[in-house]
Each structure stands twice: as structure tokens, then as C-alpha cells.
Amino acid sequence: MTKFRPLHDRVVVRRLKSEEKTAGGIIIPETAKEKPMEGEVISAGPGARNEQGQIVALDVKAGDRVLFGKWSGTEVTINGEELLIMKESDIMGVVG
């Protein structure tokens with residue numbers, strides 16, 4: 001089992017599953033689905049350094065549900081699971 005620890009202001013995010021049906025009950029085929037822009041933070045780096053060299057902690061932490069841009073992050077596979085690695089600045093906000 002590989003452990004992965006993001007560095008600096010990077011976070012590892014697991015995409016949340018998108019809805020299989022529309023509100024009206026129409027089933028969406030896999031090929032027509034857009035990738036969800038909501039996910040769960042799996043792990044977060046310690047933070048970025050400011051001009052004085054001090055580490056500024058991230059606002060997100062493991063377990064947070066977040067929204068991010070459609071093209072944000074780099075897709076990687078870790079332990080057979082597809083995840084995203086992105087900078088905290090690519091995250092638009094925390095849900096809930």
C-alpha cells in the first residue's frame with residue numbers, strides 16, 4: 001500500500017459521484033455525464049511559505065467537502081483509486 005502526502009499548498013481530492021438521474025427521472029448515460037466538480041479532501045499539505053518564510057496553514061483539511069473548477073487539478077491513480085491533486089487556490093469553497 002502506497003502512502004501519499006501532498007507537499008506545500010497542495011491537496012488530494014476524491015471526486016464525489018455524480019447523479020445517475022435528472023430531477024425528472026431521466027437516466028444519464030455514462031458517456032454524457034460531466035465529471036463532478038465536488039469532492040472530499042483526502043489529505044492536505046502543511047501550507048505555503050509567505051515572504052517571511054513562515055508556513056501559512058491551509059484553510060481546508062481532510063474530510064472537507066469542496067467545490068473546484070471544472071479543469072482543476074491533475075488526475076492520478078493511487079492504490080487503484082482515481083484522485084485529483086490540486087493547489088488549495090483551485091478550490092472555490094467548502095460545502096456545509
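Quick note: the coordinates plus some simple rules give every number you see, no bench work behind them. The model shown is predicted, which means the values in this text are computed figures rather than measured ones. Note that each Cβ is placed from the backbone with ideal geometry, even for glycine, and that neighbours are counted across all protein chains shown.
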Compute the label zone of Trp71 within the stretch 81-96: residues whose backbone N is under 15 Å from the point 7 Å along Cα-to-Cβ. 90
Sorted peptide list for 60-67, 37-44, criterion being average Cβ within 10 angstrom, highest first: 37-44, 60-67
